[in-house]
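Participant: Take a look at the following structure, please.
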Amino acid sequence: MDDRKLAYSQGLSNVPLRAETIGQMWASVVAAHGDRDAIVSRHQGIRWTYAEIDEQVERCARALIADGVQKGDRVGIWAPNVAEWVVIQFATARIGAIMVNINPSYRAHELEFVLRQSGCTMLILAPGFRNADYRALLKAAEAPALTRSVVLGEGWEAFLERANEVSPEALAERENELDYDDAINIQYTSGTTGFPKGATLTHHNILNNGFFIGETLAYTPADRVCLPVPFYHCFGMVLGNMAIVTHGACIVIPGEGFISKEVLETVEAERCSALYGVPTMFITELASSEFEKTDFSSLRTGIMAGSPCPVETMKRVQSDMHMPEVTICYGMTETSPVSTQTRLDDPLEKRVGTVGPVHPHVEVKIVDPETGRTLRRGETGELCARGYLVMLGYWEDEEATRDVIDAARWMHTGDLATMDDDGYVNIVGRIKDMIICGGENIYPREIEEFLYSHPAIVDVQVIGIPDPKFGEAVCAWIIKRQGAELNGKGVKDFCRGQIARFKVPRYVRFVDSFPMTISGKIQKYKMRETEIEERGLSELETA
């Protein structure tokens, strides 16, 4: 009999889970830290204390009620990182609306899908981001349930004036109707079986996950956290905003999107104690011409997540960026998102070679993907997580929910992992073929479906191949219609402006057929092997 311990671990903690709504948490933090900095948005020139941002949250919540938003209604937020995003996050929570996060990089095709699938009745949007005009894109999207929209910076103040139509007592009455297990957020997440699916999260999911992330990072009200990661993603909204606010610390926004120069200037100017990013962001910062001129002495901690971290990068972040307590988090949107996290005092080999031990109040196990049997420590299998952090399910998609959450409420991550003798988890690959490019999760199927609409394309398969900067790059194998004229530039031009930039294939290969099994199943791993060999990428291959 194998005497090794089972690959199972549970996060024991003397700190209990918080049984409260986000609004109740918010009220207690404002009461305790009203005069402390809550948010600094450098590109907007905004600096609000908790008392000042509470006024904005209160006005927004009452205005939403005046506009007819009911408990459970879906309210979309489509904007880059701005202070108003945070206001909307807490205002929707206070009235029991379900906030729907929309990727700022989306174009009309993707926007329409999310609005229709979630049944959004209201959309709050920025005028645009980078080269995209959101108002024009919204006009091109058909969303029958959407009855109204508010543009930040244009109609925002007029919208907030509607707060005068609703009394503070009416808002309090609405808040008293809420329960911490109510759905509060829909985040569209990646997979390989079709279009994005809306992970539906509760107050309990998000509040507790953010709180215990902040506990692991030893946050206090004195911390100032630089967030160049997007708010629409769990990284910004939960690891960022919720972890920070639950500890009365300060959210620092360096810019609408990631620009290394802005991040470095912000860390120094605002004396930030923590910095977040995917490995690509840290690599870019380390290579910046501004790096040597930046004072990092205020930093102590932060989070690196989103894709595997190179050893040398982690070493330089710890030493050259003065972040000895930087941690790595692992999770997925469906688990709110963090299920494991390295600790502040973990040795370097644990921080780089693993994604840490299980989080407080969470269970993880490694199972045989075929049988579901729990494996022994050191064996490779599928990582599963269970506990308060598991989503309610995918929005209006019971079949997809059953595919990932089993009868015992274990969330099957689709990631292959091992667990060592100390309970630390290491991700060794992915069961499915999802692509992770610069921290963005990409569905091959979604890109394939879009490319199928090109009149010159008969068939297409999309894979991820290793990339030294972004982890993976998108590669499309295409079978052209006989006699059709199409080249790689034409494929990329067809995609640009129609799908998000990070989904546009960087590499295009035209073929007569795809490698297949005898039974007719396409062998994407063989396509990947061909690309790696012919492009000389074998040294980058890690999975």
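The values are calculated or read from the model by the stated rules, or taken from the named source; none is laboratory data. Bear in mind that the values here come from a model prediction, so they are computed numbers and not experimental data. Virtual Cβ from ideal backbone geometry, glycine too; neighbours counted across all protein chains shown. Side chains are part of the model used for accessible areas, which takes the heavy atoms of the whole protein and leaves out ligands, DNA and RNA. Shrake-Rupley method; radii C 1.70, N 1.55, O 1.52, S 1.80 Å.
Participant: In Å², and per residue, what accessible area does the chain have when probed at 1.4 Å with the other protein chains present?
Facilitator: Details: 21710 Å² over 543 residues.
Ligands and nucleic acids excluded, the figure is 40 Å² per residue.
Participant: Between Asn176 and Asp493, what FRET efficiency follows from the Cβ-Cβ distance if R0 is 51 Å, with the result rounded to 0.05?
Facilitator: It comes to 0.40.
Participant: Follow-up. For Glu370 and Thr147, compute 0.36 nm times the residue count separating them, minus their Cα-Cα distance, and round to one decimal in nm.
Facilitator: Length difference between fully extended and current span is 75.7 nm.
Participant: Expected output is a single nm value to one decimal: the length gained when fully extending between Arg135 and Gln70, i.e. 0.36 nm times separation in residues minus the C-alpha distance. What is it?
Facilitator: Working: separation 65, 0.36 × 65 = 23.40 nm, distance 2.49 nm.
Residue separation times 0.36 nm, minus the Cα-Cα distance, leaves 20.9 nm.
Participant: At a 10 angstrom cut-off on C-beta neighbours, averaged per residue, how do the peptides 483-489, 83-89 rank from highest to lowest?
Facilitator: My ranking of the peptides, most packed first, is 83-89, 483-489.
Participant: I'd like the accessible area for Ser288, computed on protein heavy atoms only with a 1.4 Å probe and all protein chains in place. Round to 10 Å², please.
Facilitator: For Ser288, the solvent-accessible surface is approximately 20 Å².
Participant: Specify the inter-centroid distance of segment 431-476 and segment 99-171, based on alpha-carbon positions, in whole Å.
Facilitator: Value for the Cα centre distance between the two parts: 28 Å.
Participant: Could you compute the net charge surrounding Ala163? Neighbours are other residues with a C-beta less than 9 Å from the C-beta of Ala163; K and R count +1, D and E count -1. Walk me through the numbers on the way to the answer.
Facilitator: Numbers: positive: Arg59, Arg62, Arg162; negative: Glu58, Glu161, Glu165.
Its environment carries a net charge of 0.
Participant: Which of (i) 4, 18, 29, 28, 16, 5, 1, 0; (ii) 3, 15, 22, 24, 20, 11, 4, 1, 0; (iii) 3, 14, 20, 22, 18, 13, 7, 2, 0 is the computed P(r) over Cα pairs in 10 Å bins from 0, in percent for the structure on display?
Facilitator: Checked against the structure: label (i).
Participant: If you place +1 on the Cβ of every Lys and Arg, -1 on the Cβ of every Asp and Glu, and leave all else neutral, what size is the dipole of segment 72-209 about its Cα centre, to the nearest 20 Debye?
Facilitator: Dipole magnitude for segment 72-209 comes out near 640 debye.
Participant: Extension gain Leu17-Arg36, at 0.36 nm per residue separation less the Cα-Cα distance, in nm?
Facilitator: 4.3 nm
Participant: Could you check how much of the accessible area of segment 118-167 is carbon and sulfur, as a whole percent, using a 1.4 Å probe?
Facilitator: Result for segment 118-167: 51 percent of the exposed heavy-atom area is carbon or sulfur.
Participant: Would you be so kind as to identify which of Met411, Tyr388, Val491 lies farthest towards the positive end of the dipole of the chain, taking Lys and Arg as +1 and Asp and Glu as -1 on Cβ and the Cα centre as origin?
Facilitator: Val491
Participant: While we're looking at this one, here's another question. At a Förster radius of 51 Å, what calculated FRET efficiency corresponds to the Cβ-Cβ distance of Ser289 and Ser28, to the nearest 0.05? Walk me through the numbers on the way to the answer.
Facilitator: Working: r = 44 Å, r/R0 = 0.87.
Between Ser289 and Ser28 the formula returns 0.70.
Participant: Counting Lys +1, Arg +1, Asp -1, Glu -1, what net charge surrounds Glu142 among other residues with beta carbon under 11 Å of its beta carbon?
Facilitator: Counting the neighbours of Glu142, the net charge comes to +1.
Participant: Between Lys432 and Ala158, what is the label-to-label distance in nm when each label sits 7 Å out along the Cα-to-Cβ direction?
Facilitator: Computed distance between label sites Lys432 and Ala158 equals 4.3 nm.
Participant: Roughly speaking, to the nearest percent, how much of segment 223-299's 1.4 Å accessible area is carbon and sulfur?
Facilitator: On the way: 1020 of 1930 Å².
Using a 1.4 Å probe with all protein chains present, segment 223-299 comes out at 53 percent carbon and sulfur.
Participant: How long are the semi-axes of the equivalent ellipsoid of segment 1-82, defined as square roots of 5 times the Cα gyration tensor eigenvalues? Whole Å, largest first.
Facilitator: 37, 20, 17
Participant: Can I ask one more? Would you work out which of Asn208, Ser28, Leu111 lies farthest towards the positive end of the dipole of the chain, given +1 charges on the beta-carbon of Lys and Arg and -1 on that of Asp and Glu, about the Cα centre?
Facilitator: Comparing the listed Cα positions along the dipole, Leu111 ranks first.
Participant: Within segment 324-448, what whole-number % of the accessible surface is contributed by carbon and sulfur, with the 1.4 Å probe and all protein chains included in the calculation?
Facilitator: It is 45 percent, rounded to a whole number.
Participant: Around Glu110, under 10 Å between beta carbons, what's the net of Lys plus Arg minus Asp minus Glu among the other residues? Mind dumping the intermediate values first?
Facilitator: Numbers: positive: Arg107, Lys503; negative: Glu112, Glu446.
Result for the neighbourhood of Glu110: 0.
Participant: For the chain, list the DSSP H helices whose alpha carbon atoms reach 18 Å or more along the long axis and whose average Kyte-Doolittle value is 0.5 or above?
Facilitator: Values: long enough: 50-66 (24 Å, -0.06); 83-95 (19 Å, 0.96); 203-216 (20 Å, -0.25).
Those that pass (Cα extent of 18 Å or more, hydropathy at least 0.5) are 83-95.
Participant: Can you list the cysteines of the chain that have no other Cys Cβ under 4.7 Å away?
Facilitator: Among the cysteines of the chain, those whose Cβ sits 4.7 Å or more from every other are Cys60, Cys120, Cys234, Cys250, Cys309, Cys329, Cys384, Cys437, Cys475, Cys495.
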